[in-house]
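> Below is a structure I'd like to ask you about.
The values are calculated or read from the model by the stated rules, or taken from the named source; none is laboratory data. From a predicted model like this one, the values you see are computed outputs, not experimental measurements. Here the Cβ positions follow ideal geometry from the backbone for every residue, glycine too, while neighbour counts run over all protein chains shown. Note: accessible area is taken over every heavy atom of the protein model, side chains too, but ligands, DNA and RNA are not part of it. Shrake-Rupley method; radii C 1.70, N 1.55, O 1.52, S 1.80 Å.
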Amino acid sequence: MRDHVNRVVLIGTGFVGSSYAFAMLNQGVSEEFVMIDLNKEKSEGDAMDLNHGLPFAPAATKIWFGDYSDCKDADIVVISAGANQKPGETRLDLVEKNTAIFKGIVEQVMASGFDGIFVVATNPVDILTYVTWKFSGLPKERVIGSGTILDTARFRYLLGDYFAVDPRNVHAYIIGEHGDTELPVWSHADIGGLPISAWAKTKKDFRQEDLDELFINVRDAAYQIIQRKGATYYGIAMGLVRLTKAILQNENSVLTVSAYLENKYGQEDLFIGVPAVVNRSGIREVVELSLSPEEQEKFKHSAEVLKNIIKSSFHK
Ligand code: NAD
């Protein structure tokens, strides 16, 4: 019977986690949803509050405040626990704090007998996805970071806004570190099958600087939001639901997630944001785009920044 019941366990019910829980409930994605947090009161309160929304939900979901033993039967464990960026802090500043938190969390999840898929959202997400893979001992395909899923969404939204087209018809990726060294893949960006360069010709007042600025707004979006309201959470929460659906519904969707690279993009032994096909088994495959020489250089730099951190944290 259990085979037919999808269970998602969320660890870390702060801004990101509770927004994800709310979005999951509203989209009726899993039959069971368990919430775990160090702050039991808050998590318990959230579970109660969400349960009261069930009469208005599109599908039945059993939601409860749980503990690590609930991970045993989970299909997916999503981690959004840990410290978030304070104003002026980069994502990479959080490495030490969150690695220590993750050791405790991942060990407890694995001790339950968990044998599903990890989804990691905590920053710096590419490093903490690597940390989760190492601490869990699970196959690399079953450890997925949210990577540049949000950055790609921001990019698509801003491009759609600029050319006045629905962002769902914009196909353009941000790849690399979810952070300051990420890059836009302009060489493969299109809207409705037409390359961005063709759209540019149709726009009377088009300026190349507008696109350069647009990417800077994508890259620095978190800083801009944190400065205004202290944290970012709705966008990533919806991105995490999209990823959860791709897994549970075996969608084979292409999403820019943090995936393990092995001889792809000229890199190996790191998790980094790249397009990948996601299904019920996790990451089916990484999609290797033919990047322009400039994009290749930028991607290499981004990978090196991440690898240096992995080296100093793991291979001392
Ligand atoms: P938050 O402080 O609101 O929530 C963090 C939660 O983790 C808290 O409820 C806290 O009690 C819990 N926690 C801490 N240690 C724990 C432990 N050992 N076990 C269980 N729970 C524990 O922070 P937030 O704003 O929700 O951000 C969470 C993380 O998500 C941050 O690292 C943030 O940078 C990251 N984030 C990622 C993206 C992305 O695109 N990947 C976007 C936004 C935020």
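> Could you count how many residues in segment 164-173 are surrounded by 19 or more Cβ atoms within 10 Å (Cβ to Cβ) and closer than 16 Å to T202 by Cβ?
1
> Of all residues being open to solvent by less than 10 Å² (accessible area, probe 1.4 Å) and out of contact with any strand residue (DSSP E or B) (no Cβ under 7 Å at 6 or more places or on another chain) in segment 115-134, which is nearest to G14 (Cα to Cα)? Just the residue, please.
P124
> Can you name every residue in segment 178-218 that is in a strand (DSSP E or B) and in contact (Cβ under 8 Å) with a residue 60 or more places away in the chain?
Listed by number, the list holds a single entry, L183.
> Which numbered condition in (1) away from the ligand (no atom under 11 Å from the Cβ); (2) touching a residue at least 60 places away in the same chain (Cβ under 8 Å); (3) open to solvent by 60 Å² or more (accessible area, probe 1.4 Å) is the only one that F15 fails?
Status for F15: all satisfied but (1).
> Across segment 49-99, what is the total count of residues that are small (G, A, S) and within 10 Å of the ligand (Cβ to nearest atom)?
4
> For segment 236-312, which fully contained strands (runs of 3 or more DSSP E) count at least 1 residues that are open to solvent by 10 Å² or more (accessible area, probe 1.4 Å) and closer than 14 Å to I174 by Cβ?
253-264
> Just to be sure, is I191 within 24 Å of A222 (Cβ to Cβ) and either polar (S, T, N, Q) or open to solvent by less than 20 Å² (accessible area, probe 1.4 Å) (or both)?
no
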